[in-house]
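**Q** Shown below is the structure under consideration.
The values are calculated or read from the model by the stated rules, or taken from the named source; none is laboratory data. Just so you know, these numbers come straight off a predicted model, no measurement behind them. Please note: Cβ atoms are built from the backbone with ideal geometry, for glycine as well, and neighbour counts cover all protein chains shown.
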Amino acid sequence: MAIARRRHRYESVLELTPLLDVIFLLLIFFMVSTSFVVNREILIQLPESSSANIESSDHQLTMTIDAVGNFSLDGMTFMEAKNGALVEMLKVKLGSDVIDKPSIRLDVDEATDYRFLIKAMDACRQAGISDVRLNTRSKD
């Protein structure tokens, strides 16, 4: 009489709960430790001011003007912009958001010609932006 031998197969089980716990802890760690820095597309040197104060809101546009007159509006850089093109770009940006009182922050290089600043302010006024702020850096 032959006795049949049974072979036992052991199934390996991968527990995912500890793995998910570690992944979520790492996710929370990187979310907390990340610094959110506003990167400018155009490198500029802001003028100094003893009363420098950066107030920004969620609905504030940012226009950067470098020393040679290149403009950047919320990540879109354009060279030698004409006043009509600036107004249209501002209207497009404002058209995408419903804002009751739009505001813009101008980051202007300290060596920028005054005419580029006036061009930007004039375009803002034509686009319906009455709250125009100039950004500076503190002397400290």
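**Q** Going through the stretch 92-129 one residue at a time, which ones are farther than 15 Å from T64 by Cα, modelled with pLDDT of 85 or more and not in a helix (DSSP H, G or I)?
**A** G128, I129
**Q** Here are some residues: V132, V87, V108, V92. Which one is without any contact (Cβ under 8 Å) to a residue 40 or more places away in the chain and surrounded by 13 or more Cβ atoms within 10 Å (Cβ to Cβ)?
**A** Within the list V132, V87, V108, V92, the selection yields V132.
**Q** Still on this structure, I have one more. As an exercise: evaluate M79 against (1) modelled with pLDDT under 85; (2) touching a helix residue (DSSP H, G or I) at 6+ places or on another chain (Cβ under 9 Å); (3) of a type outside the set (D, E) and give the number of the one condition it does not meet.
**A** The number of the failed condition is (2).
**Q** Check the stretch 4-16 and report whether any residue there is surrounded by 10 or more Cβ atoms within 10 Å (Cβ to Cβ) and either under 24 Å from A127 (Cα atoms) or modelled with pLDDT of 85 or more (or both).
**A** No, the stretch 4-16 has no match at all.
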